[in-house]
Amino acid sequence: MLRSAIAVMFMAGLSLPALASNAYTFETAEPVNKRRVVAESVVWTCEGTVCRGELARRAPTVRICKKIAREVGVVTSLRNTNAELTEAELAECNTAVRR
């Protein structure tokens, strides 16, 4: 019985990082030139103006958006399954775009 309980706790511990992950999507004003982009220590898969990746964060932040904007240009949206940046937050984010 004790071994079973320990095994269950061990397996639950292994699956927790996977549960913390969150599907994110960002969109850009112009098509992204690369199929894969690295920003915020995440490899984003891009197709046209839409990129997707997995981030272990609850909600999108301006800080994350700025790191993305430095790599790809103007970001028009950043969201996950629970939240998305506001227009004001996107405006602040895009101050990081390299000109």
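The values are calculated or read from the model by the stated rules, or taken from the named source; none is laboratory data. What you see is a predicted model; the values in this text were computed from it and never measured. A quick note on method: Cβ atoms are made from the backbone with ideal geometry, for glycine too, and the neighbour counts reach across all protein chains shown. Note: accessible area is taken over every heavy atom of the protein model, side chains too, but ligands, DNA and RNA are not part of it. Shrake-Rupley method; radii C 1.70, N 1.55, O 1.52, S 1.80 Å.
Here are a few things to note about the model shown:
Conditions (1) among the aromatic types (F, W, Y); (2) more than 25 Å from R99 (Cβ to Cβ); (3) in contact (Cβ under 8 Å) with a residue 12 or more places away in the chain; (4) assigned to a strand (DSSP E or B), marked per residue:
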position	(1), (2), (3), (4)
E54	no, yes, yes, yes
A59	no, yes, yes, no
A69	no, no, yes, no
A88	no, no, no, no
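- Residues within region 25-46 that are assigned to a loop (DSSP other than H, G, I, E, B) and either surrounded by 12 or more Cβ atoms within 10 Å (Cβ to Cβ) or in contact with a Cys (Cβ under 8 Å, 6 or more places away or on another chain) (or both), tallied: 6
- Condition met for T49 (modelled with pLDDT of 95 or more, more than 10 Å from the chain's Cα centre (by Cα), open to solvent by less than 30 Å² (accessible area, probe 1.4 Å) and of a type in the set (S, T, Y)): no
- Considering region 71-86, the residues that are open to solvent by less than 40 Å² (accessible area, probe 1.4 Å) and either in contact (Cβ under 8 Å) with a residue 60 or more places away in the chain or assigned to a strand (DSSP E or B) (or both) include one that is farthest from T25 (Cα to Cα), namely V75.
- Boolean, T61 is hydroxyl-bearing (S, T, Y), modelled with pLDDT of 95 or more and open to solvent by 50 Å² or more (accessible area, probe 1.4 Å): yes
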